[in-house]
Structures are given as C-alpha cells and as structure tokens.
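Below is one structure, written out as structure tokens; comments come after it.
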Amino acid sequence: MIAFEYAVLRVVPRVERAEFVNAGVIVYSQKAGYLDAATHVDADRLRALDSEADVDAIAAAVEAYAHATDPEAAGPVGATAIGERFRWLTAPRSTVVQTGPVHAGLTDDPAAELDRLLRRLVL
C-alpha cells in the first residue's frame, strides 16, 4: 500500500451563496510519482444552482485543472515538481472553480483510486 492525497474540484457558480457541485478529483502520490485529475461537469446540476451559469466557460476552467496535472500540457507550471503542482492546484481560491480540503488515504493503484473517487464523489 502507498499513501496518496486527493482533493475534490468543485464549482461554486455564485460564490456569495457558497453552494457547490463536485466536478472532478485530483489525486497525488509522492511515492508513486503520480499526479492526475479526472473531471465531469454536470450542466443540469450547475443550472439548478444558477440558471445563468456559463457551463462552457466553467467546463473549460475545470478542464484546465486536469491539464495542469500533465507536465506537457501545463505550460510553465508543468516544469514544477508534481508535489509543488499538487499544492498549487489545491491552494485555496475564492473563484468559481475551487478545490475542497485535501484528504489522504492508502491504495495499491493511484489511477484506480482516481477512477473510484470520480465515480463516488462526482458522477
């Protein structure tokens, strides 16, 4: 078993209301050298919180988090160590796309854990 950390990506369409919809998961394991994200933006859930939400713009912002886990697609942040990138991605923000608190666990397979967490917490 190896240790991993994860954070849920959430969309807060109206920040002043503090209501959110889970839209993805970021998983990091230092020991496995693993950092990846999986996303899914549910337009109907978003519109239930804000009928005027710009779903396309929000989906693009959520997808940007997933791209930032890929060193080839992440631009300058891709040159940082994966631990630094995970901390940068999970730093608190008061924007429409935010990460929840970082949680830890043990797994044999970080990629399988990412899939499990996406199914359990987002889909």
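The numbers here are math on the coordinates, done by the rules we state, and not lab data. Computed from a prediction, not measured in an experiment: that's the story for all the values here. Every residue, glycine as well, gets a Cβ built from its backbone with ideal geometry; the counts of neighbours run over all protein chains shown.
Given the alternatives (1) 18.8, 66; (2) 16.1, 56; (3) 14.2, 45, Rg and Dmax of the Cα atoms in Å as computed for this entry is given by (3). The angle between the Cα long axis of helix 55-68 and the longest principal axis of the Cα atoms of the chain comes to about 10 degrees, rounded to the nearest 10.
In what sequence do ILE58, ILE82 fall when counting other Cβ within 10 Å, fewest first? Don't skip to the end; give the middle numbers.
Working: ILE58 21, ILE82 18.
In increasing order of surrounding Cβ atoms, one gets ILE82, ILE58.
Couplings for the stretch 114-120, taken from phi via the Karplus curve 6.51 cos²θ - 1.76 cosθ + 1.60 with θ = phi - 60°, read 4, 4, 4, 5, 4, 5, 6 Hz in order; Gly and Pro are left as x. Put a dot 7 Å past the Cα of ILE2, heading toward its Cβ, do the same for ALA73, and the two dots end up 2.1 nm apart.
Peptide packing for 20-31, 98-109, 37-48 was compared via the average number of neighbouring C-beta atoms within 10 Å per residue; ordered from the highest value, the list is 20-31, 37-48, 98-109. Cut-off 10 angstrom, C-alpha nodes, Gaussian network model of the chain. Which of GLU113, GLU63, GLU52 fluctuates the most? In the Gaussian network model the winner is GLU52.
In cubic angstrom, how much convex hull volume per residue do the alpha carbon atoms of the stretch 54-123 span? If you can, show how the numbers build up before the last one.
Working: hull volume 8.3 nm³, N = 70.
Convex hull volume per residue, Cα atoms: 119 Å³.
Each listed q (0.12, 0.18, 0.24, 0.28 Å⁻¹) maps to a log10 I(q)/I(0) for the stretch 5-68 from the Debye sum over equal C-alpha point scatterers, namely -0.32, -0.64, -0.96, -1.19. Please list, in order, the residues from the stretch 8-43 whose amide nitrogen is less than 11 Å from a point placed 7 Å along the Cα→Cβ vector of LEU49. What the label zone holds, given the 11 Å backbone N cut-off, is 9-24, 42. The magnitude of the dipole of the chain, with charges of +1 and -1 set on the Cβ of Lys/Arg and Asp/Glu and taken from the Cα centre, is near 360 debye.
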